[in-house]
Amino acid sequence: MESKDNEGMTQKVGEVIKPIVPEGTVEELLERVYGLKVVKVKSLNSYDDCNYAITVDENYDNKYIKQLWPHGYLLKIINTMDSKRPKMHEAHNLVMDHLRNGGVPTQESVPDKNGEVMSYQKIYKSKEQNSDYIQHIVRLLTYLPGDVLLNYPFTSNLLYENGKFVAQIANAFKGFQHDFFKNFDSKWNLGNIPMLKEYVFVLKPEDRKVVNEVIEAFENEINPANLTKSCIHGDLNELNILAAPADGQGDIPMECKRYKFTGLIDFQDTTYSCAIYDLAINVAYLMIFTNLINQLDVPGHILAGYLSLQQLTEEEFSSLKVLLAGRLCQSLVYGAHTYYLDPTNDYVLHTAKTGWTLLHKFWAEPKDKLESRWKSITESYQLQK
């Protein structure tokens, strides 16, 4: 069930919530609002915001910026719905600060010329004089080094170290509390899988059948009240985790390379929920995009890394098959529905290319065989120590 913080926040058929940003707008905003002169701007993929990687000139006019960030900046122009939630963005700044203090690299907010880390700006629909405009929240963040996980080969080493990073995130979240996250909920919360019933009408019959089976299994088998609670990131996908090859490895084979994790980004789905959800979300997305390892083995390699730093209860481990399938369903169904509402937004079909095939294959596999497979993989790592 969505909370009062989400009232009136439902995208309607034909409604475009992603900002329309004419050429030249980013450069104008950076100079007028932040006192920074743009040298280079690159548009980045995003679900429904507009994000830009920015390189700036060494000369700037902003007394609140003591020193330029060496890796550049990220400008975020927030979609029309989330621009109505300023408290959410304030809470995101606090959670990023908390995680950095816990050893997880996150972005820092950059103040504008008035010392504010968030402001409403008029984004005009065209360069023509007196054109229509929409007010969007604009934020500037430091750009983190490294590359998104999607751009690396999903070797067993990468999956294992990714699992360790997910555990580090879980540890860093411990002790963090904020009223906004306790009162905020969304359809993307993994505990809200039953909400998919409202959206399956956009699916083909064979896909609708498997999604309905997953929903039924969640309702019958998962009891969130018995799962450990915490603030969670809520969207640990292949585009929100940054990494880089570890130093000093020379020309060793790809499958032997080690990685350092350089950043965690995008806190739009952060909420107070079940801690196991972050792990399940992460595993589900990495299963979709692996091409070096059997997709059904991916959970075992990630679990091996995770369990080296964190523990799972028997009920949490037993919930994994349904939770993994549930996240696959959420990504595929909401992607299909958003595309139905706005056919110009191709990005939302990102997971559909291989996701539906994986969902059908994964859901058909018996739970006991999957769990045995994953335990065998995690045990093989323990034997190597």
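The values are calculated or read from the model by the stated rules, or taken from the named source; none is laboratory data. Remember, predicted model here, so these are calculated numbers, not experimental data. For neighbour counting, all protein chains shown are included, and Cβ atoms are generated from backbone atoms with ideal geometry for every residue, glycine included. Areas reflect the complete protein model, heavy atoms only, side chains present, ligands, DNA and RNA absent. Shrake-Rupley method; radii C 1.70, N 1.55, O 1.52, S 1.80 Å.
Odds and ends about this structure:
- Candidate set: the stretch 200-251, residues that are among the small types (Gly, Ala, Ser) and open to solvent by 40 Å² or more (accessible area, probe 1.4 Å); chosen: the one modelled with the highest pLDDT: Ala225
- Selected residue (criterion: surrounded by the fewest Cβ atoms within 10 Å (Cβ to Cβ)) from residues of the stretch 56-79 that are of a type in the set (D, E, K, R), part of a strand (DSSP E or B) and in contact (Cβ under 8 Å) with a residue 12 or more places away in the chain: Asp57
- Residues satisfying the stated conditions in the stretch 337-359, i.e. modelled with pLDDT of 85 or more and touching a Leu at 6+ places or on another chain (Cβ under 8 Å): Gly355, Trp356, Leu358, Leu359
- Selection count, the stretch 301-334, where residues are modelled with pLDDT of 95 or more, surrounded by 18 or more Cβ atoms within 10 Å (Cβ to Cβ) and of a type in the set (Phe, Trp, Tyr): 1
- First in the stretch 172-183 and aliphatic (A, V, I, L, M), second anywhere and open to solvent by 80 Å² or more (accessible area, probe 1.4 Å), Cβ under 9 Å, 6 or more apart: Ala172/Asn101
- Just one of (1) surrounded by 16 or more Cβ atoms within 10 Å (Cβ to Cβ); (2) of a type outside the set (D, E, K, R); (3) under 21 Å from the mean Cα position of the chain (by Cα) fails for Ile123. It is (3).
- The residue that is surrounded by the fewest Cβ atoms within 10 Å (Cβ to Cβ), among those in the stretch 276-300 that are of a type in the set (Ser, Thr, Tyr) and either touching a strand residue (DSSP E or B) at 6+ places or on another chain (Cβ under 8 Å) or at pLDDT 95 or above (or both), is Tyr277.
- Within the stretch 158-192, tally of residues that are open to solvent by 60 Å² or more (accessible area, probe 1.4 Å), in a helix (DSSP H, G or I) and among the charged types (D, E, K, R): 3
- Subset tally (residues that are open to solvent by 20 Å² or more (accessible area, probe 1.4 Å), in contact (Cβ under 8 Å) with a residue 40 or more places away in the chain and touching a strand residue (DSSP E or B) at 6+ places or on another chain (Cβ under 8 Å)) for the stretch 83-108: 2
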